[in-house]
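K.L.:
Sharing a structure, written as structure tokens. Questions coming.
The values are calculated or read from the model by the stated rules, or taken from the named source; none is laboratory data. The structure presented is a predicted model; accordingly, all values stated were derived computationally and were not measured. All Cβ positions, glycine included, derive from the backbone under ideal geometry; neighbour counts span all protein chains shown. What goes into the accessible areas is simple: the full protein's heavy atoms, side chains included, and nothing from ligands, DNA or RNA. Shrake-Rupley method; radii C 1.70, N 1.55, O 1.52, S 1.80 Å.
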Amino acid sequence: MSIIRDSSEASAIVSLQRVDARIEQHLVLHDVSLELRCAEHLGIVGPNGSGKSTLLRLIGGTHWPAPGHGRRIYCFDGHLHRDAVEARKRITLVGPELQDSYLRLGWNFTASAVVATGVHRTEIPRRTITPPDRERARKLLDELDAGHLSDRPFLELSR
């Protein structure tokens, strides 16, 4: 796995310090240290099984570091947090697992509807997206230079 960074001078909002991560009894990540700053862009690339999704779940607070192996610290609004409660309110991971789930269920929402799941922190798109939700989702897609995909069916998009 490789991490590609577009650096920023802002203070870290997420800091992983020598963290290990396990799935069941298998060590998936070992001795990972990373600081993610506000307005920083981070690319994580690697083959299947290299720990990319686990790293993202560690950052987002949905996967816990292995007990006794490193620290995860968040800084929101100038306050340090060692648990992931605040992170779960502020960080959302929308990944290809959703595409698999929607395919199984026969759902083919627009890309902006799927992005709105992150806005509402749910994996299920609301049947009726309000105009403000649609606008926020489009703005997020525009920030990623993907605004032109907002009305495309999600299942037709590349992972």
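K.L.:
May I ask you to list pairs of residues, at least six apart or on different chains, whose Cβ atoms are under 8 Å apart, with the first in the range 115-126 being open to solvent by 100 Å² or more (accessible area, probe 1.4 Å) and the second being at pLDDT below 75 and of a type in the set (A, V, I, L, M)?
P.N.:
Glu123/Leu98
K.L.:
Select from the range 35-64 the residues that are farther than 19 Å from Ala87 by Cβ and of a type in the set (S, T, N, Q) and list them in ascending order.
P.N.:
Asn48, Ser50
K.L.:
Moving to a separate point now. Check Asp31 against each of (1) in contact (Cβ under 8 Å) with a residue 40 or more places away in the chain; (2) out of contact with any helix residue (DSSP H, G or I) (no Cβ under 9 Å at 6 or more places or on another chain); (3) assigned to a strand (DSSP E or B) and name the one condition it does not meet.
P.N.:
Among (1) in contact (Cβ under 8 Å) with a residue 40 or more places away in the chain; (2) out of contact with any helix residue (DSSP H, G or I) (no Cβ under 9 Å at 6 or more places or on another chain); (3) assigned to a strand (DSSP E or B), the lone unmet condition for Asp31 is (1).
K.L.:
Then there is this: Where residues in the range 103-114 are crowded, with 19+ Cβ neighbours inside 10 Å and part of a helix (DSSP H, G or I), which of them is nearest to the chain's Cα centre (by Cα)?
P.N.:
Across the range 103-114, the extreme among qualifying residues is Val114.
K.L.:
Mind listing whichever residues of the range 63-83 are in contact (Cβ under 8 Å) with a residue 24 or more places away in the chain and open to solvent by less than 70 Å² (accessible area, probe 1.4 Å)?
P.N.:
His63, Pro65, Ala66, Gly70, Arg72, Ile73, Tyr74, Cys75, Phe76
K.L.:
While we're looking at this one, here's another question. Can you pull out the residues in the range 84-93 that are of a type in the set (A, V, I, L, M) and open to solvent by less than 70 Å² (accessible area, probe 1.4 Å)?
P.N.:
Selection gives Ala84, Ala87, Ile91.
K.L.:
Related question: What's the number of the only condition in (1) open to solvent by 20 Å² or more (accessible area, probe 1.4 Å); (2) modelled with pLDDT of 90 or more; (3) acidic (Asp, Glu) that Asp20 fails to meet?
P.N.:
Among (1) open to solvent by 20 Å² or more (accessible area, probe 1.4 Å); (2) modelled with pLDDT of 90 or more; (3) acidic (Asp, Glu), Asp20 violates only (1).
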